[in-house]
Amino acid sequence: MRTVIAGPSPGSRRFAESLAATMGARLVVVEHKVFPDGERYVRIPDPLESEVVIVQTLSPPQDSSIIEALLLADAAEGQGAESLTLTAPYMAYSRQDRRFLPGEPVSIAAIMKAFASAGYTRLITIEIHKEETLRYYPGEAFSLSPYRYMAERLRDKLPPNPIVLAPDLGALRRAREMAEALGVEYDYLVKHRDRVTGEITIEPKELDAAGRDVIIVDDIISTGGTIARAASLLLANGARSVIVVVAHALLAGNAVEKLERAGVQKVYAANTLPPKGSGLVEYVDVAPLVGDLLARVNAEA
Ligand code: R5P
């Protein structure tokens with residue numbers, strides 16, 4: 001597999017460049033435009049060999065990114081590709097992974113089926129919201145967890161002897177991976193509501209965060225509400241500092257201001273989405289993780 005195609009969605013080009021460099025592969029950049037009526041256009045300018053990797057992260061505007069990914073599969077087939085891998089570092093719609101109310105779609109299942117029927121035989125993403133949802137993909141599907149890798153890259157920038165906290169029990173695996181790589185303690189946050197005053201406190205289940213430097217680890221910052229609430233309550237309860245590590249810094253609306261106001265000192269995010277957020281957010285290039293996976297898959301084949 002020696003060609004990596006950089007799709008047009010924001011954030012894809014940098015990821016594709018890094019992946020191509022890791023793989024020693026040729027990089028093909030897609031031509032694209034939006035027609036006056038809003039329809040999308042893509043063109044892969046060069047003939048392709050049989051196996052290619054298309055990098056198209058499903059960044060906002062997510063629906064356009066999805067359509068472009070579908071168009072790219074057809075364009076690649078027209079240029080001779082026979083086996084297509086879609087690398088979508090951020091998998092949009094992955095949080096609608098079940099019918100919360102009758103009549104809702106399982107959105108991630110619908111999107112995955114569409115990618116498979118467009119011709120993608122393999123799907124690679126970074127830290128999908130729930131790994132179980134990969135079963136909706138009819139082909140080969142991988143979600144790569146970035147936290148150990150990020151811990152190695154960030155080790156020198158992080159405070160010595162921090163505690164790593166997940167914002168809830170569901171995210172504990174994420175905190176554990178980060179903490180094990182750093183060799184420090186980890187826990188998850190629990191929310192208590194005082195029945196009399198109605199006051200909410202958020203504190204670690206077992207550990208004491210007072211006087212400690214805290215690293216909160218989660219999969220995604222969307223509106224910033226989850227992390228801002230946790231950070232301001234931890235700081236109010238005596239934590240010395242709060243740093244955040246996430247796979248996907250979506251940072252919708254005024255999320256950056258919200259996090260800054262809450263006292264978050266720094267956000268370290270994987271480069272699955274385009275850079276955003278003044279000096280608050282720093283990005284870690286995780287494309288080599290995809291390169292390693294493809295090397296393993298090819299070696300096994
Ligand atoms: C929740 O299950 C997720 O892991 C994130 O904690 C959540 O989606 C973050 O969203 P927001 O930034 O809008 O609070």
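The values are calculated or read from the model by the stated rules, or taken from the named source; none is laboratory data. Computed from a predicted structure; not experimentally measured. No Cβ is skipped: glycine too gets one built from the backbone with ideal geometry, and neighbour counts run over all protein chains shown. When the accessible area is computed, the model is the full protein with side chains, heavy atoms only, and any ligands, DNA or RNA have been set aside. Shrake-Rupley method; radii C 1.70, N 1.55, O 1.52, S 1.80 Å.
Within 21 Å of the chain's Cα centre (by Cα) and within 15 Å of the ligand (Cβ to nearest atom), is that true of Ile227? The answer is yes for Ile227.
Going through (1) modelled with pLDDT under 95; (2) over 19 Å from Val55 (Cβ atoms); (3) in a helix (DSSP H, G or I) one by one, Val297 falls short only on (2). Of the strands (runs of 3 or more DSSP E) lying entirely inside the range 117-188, those carrying at least 1 residues that are within 15 Å of the ligand (Cβ to nearest atom) and touching an Asp or Glu at 6+ places or on another chain (Cβ under 7 Å) are 140-144, 163-166.
For the range 1-41, a residue qualifies if it is closer than 25 Å to Leu293 by Cβ and of a type in the set (Val, Ile, Thr), and the qualifying residues are Thr3, Val4, Ile5, Thr22, Val28, Val29, Val30. If you take the residues in the range 235-249 that are within 15 Å of the ligand (Cβ to nearest atom) and either under 15 Å from Ile163 (Cα atoms) or basic (Lys, Arg) (or both), which one is farthest from the chain's Cα centre (by Cα)? Looking at residues that are within 15 Å of the ligand (Cβ to nearest atom) and either under 15 Å from Ile163 (Cα atoms) or basic (Lys, Arg) (or both), I get Val242.
Of all residues in the range 229-277, those satisfying the criterion of being of a type in the set (A, V, I, L, M), closer than 23 Å to Arg193 by Cα and either open to solvent by 20 Å² or more (accessible area, probe 1.4 Å) or assigned to a helix (DSSP H, G or I) (or both) are Ala230, Ala231, Leu233, Leu234, Leu235, Ala236, Leu259, Ala262. Of everything listed in (1) open to solvent by 10 Å² or more (accessible area, probe 1.4 Å); (2) in a helix (DSSP H, G or I); (3) in contact (Cβ under 8 Å) with a residue 60 or more places away in the chain, the single unmet condition for Ala110 is (3). Every listed requirement among (1) more than 12 Å from the ligand (Cβ to nearest atom); (2) buried (at least 17 other Cβ atoms within 10 Å of the Cβ) is met by Glu282 save one, (2). Scanning the range 92-106 for residues that are open to solvent by 50 Å² or more (accessible area, probe 1.4 Å) and among the hydrophobic types (A, V, I, L, M, F, W, C) returns Phe100, Leu101. Which of the residues spanning the range 34-65 are farther than 18 Å from Arg122 by Cβ and touching a residue at least 40 places away in the same chain (Cβ under 8 Å)? Those that are farther than 18 Å from Arg122 by Cβ and touching a residue at least 40 places away in the same chain (Cβ under 8 Å): Ser59, Pro60, Ser64, Ser65. The set of residues in the range 194-224 being modelled with pLDDT under 95 and either within 16 Å of the ligand (Cβ to nearest atom) or closer than 19 Å to Tyr147 by Cβ (or both) consists of Ile200, Ile202, Pro204, Leu207. Scan the range 93-107 and give yes if some residue there is over 22 Å from Leu19 (Cβ atoms) and assigned to a helix (DSSP H, G or I), otherwise no. So far as the range 93-107 goes, yes, one or more of its residues are over 22 Å from Leu19 (Cβ atoms) and assigned to a helix (DSSP H, G or I). Within the range 58-91, the set of residues being crowded, with 24+ Cβ neighbours inside 10 Å and farther than 19 Å from Gly119 by Cβ comprises Pro89, Tyr90.
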